1. With respect to residue 51, is the statement that it is in contact with a strand residue (DSSP E or B) (Cβ under 7 Å, 6 or more places away or on another chain), closer than 23 Å to residue 3 by Cβ, among the aliphatic types (A, V, I, L, M) and in a loop (DSSP other than H, G, I, E, B) true?
2. Report, by residue number, each residue of segment 31-44 that is open to solvent by less than 40 Å² (accessible area, probe 1.4 Å) and either assigned to a loop (DSSP other than H, G, I, E, B) or more than 19 Å from residue 64 (Cβ to Cβ) (or both).
3. For segment 99-117, what are the residues that are loosely packed, with under 11 Cβ neighbours inside 10 Å and in a loop (DSSP other than H, G, I, E, B)?
4. Pull out all pairs, ordered by first then second residue, where Cβ-Cβ is under 7 Å, the residues are six or more apart or on different chains, the first lies in segment 124-144 and is without any contact (Cβ under 8 Å) to a residue 12 or more places away in the chain, and the second is surrounded by 10 or more Cβ atoms within 10 Å (Cβ to Cβ).
5. Are any residues in segment 57-84 modelled with pLDDT of 95 or more, open to solvent by less than 20 Å² (accessible area, probe 1.4 Å) and not in a strand (DSSP E or B), and if so, which ones?
6. Inspect segment 6-26 for any residue being within 29 Å of residue 134 (Cα to Cα), in contact with a Cys (Cβ under 9 Å, 6 or more places away or on another chain), open to solvent by 80 Å² or more (accessible area, probe 1.4 Å) and in contact (Cβ under 8 Å) with a residue 12 or more places away in the chain and give the result as yes or no.
Amino acid sequence: MVPRDYDKVYALWKSIKGFGIRKVDDSREGVEAFLRRNPTTSVVAEKDGEIIGAILCGHDGRYGYMYHVCVKEEYRRQGIGKDMVVFCMQALRAEHINKIALIAFITNDGGNAFWHQIGWKPRADLNYYDFTINEENIIAFNEL
């Protein structure tokens, strides 16, 4: 995946039922910044010039992460998602990353079935926490 893919990837994201897009992180600027930091690990799948699958993938130097793993509905169950995941895993291994994680919403039955089928296991030993960094939240946090 490269920055010029953004419009087609964004259109794919918008076509996926129940897909969560974040205003800042998934903006053109946000995705371009992610790709600058992780230039070799994200991937798109194309057919006849159309982007039919995509994964944003990167790492923090210690752990790999995949975001927005998706394949257009009519192209699912053809090995496209699996091929993209393997691409990402190999790209991360080339950068000496040995662990990878992702988030699948509990209500994403198809996605969860896919991850389970290819041998990924949900973690029950940790909690995932989220905090939006903006001026209002930083002030509120500091006042606690």
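1. Numbers: in contact with a strand residue (DSSP E or B) (Cβ under 7 Å, 6 or more places away or on another chain): yes; closer than 23 Å to residue 3 by Cβ: yes; among the aliphatic types (A, V, I, L, M): yes; in a loop (DSSP other than H, G, I, E, B): no.
No, not satisfied.
2. So the first thing to find is which residues in segment 31-44 are open to solvent by less than 40 Å² (accessible area, probe 1.4 Å), and the list is 31, 35, 38, 41-44.
Answer for segment 31-44, where residues must be open to solvent by less than 40 Å² (accessible area, probe 1.4 Å) and either assigned to a loop (DSSP other than H, G, I, E, B) or more than 19 Å from residue 64 (Cβ to Cβ) (or both): 38, 41, 42.
3. 99, 106, 107, listed by residue number.
4. Hits for this filter: 131/137.
5. Correct list: 84 only.
6. no
The values are calculated or read from the model by the stated rules, or taken from the named source; none is laboratory data. As the structure is a prediction and not an experimental result, all values here were calculated from the model. Heads up, the Cβs are rebuilt from the backbone with ideal geometry, glycines too, and the neighbour counts pull from every protein chain shown. All accessible areas refer to the heavy atoms of the entire protein, side chains included, with ligands and DNA or RNA removed. Shrake-Rupley method; radii C 1.70, N 1.55, O 1.52, S 1.80 Å.
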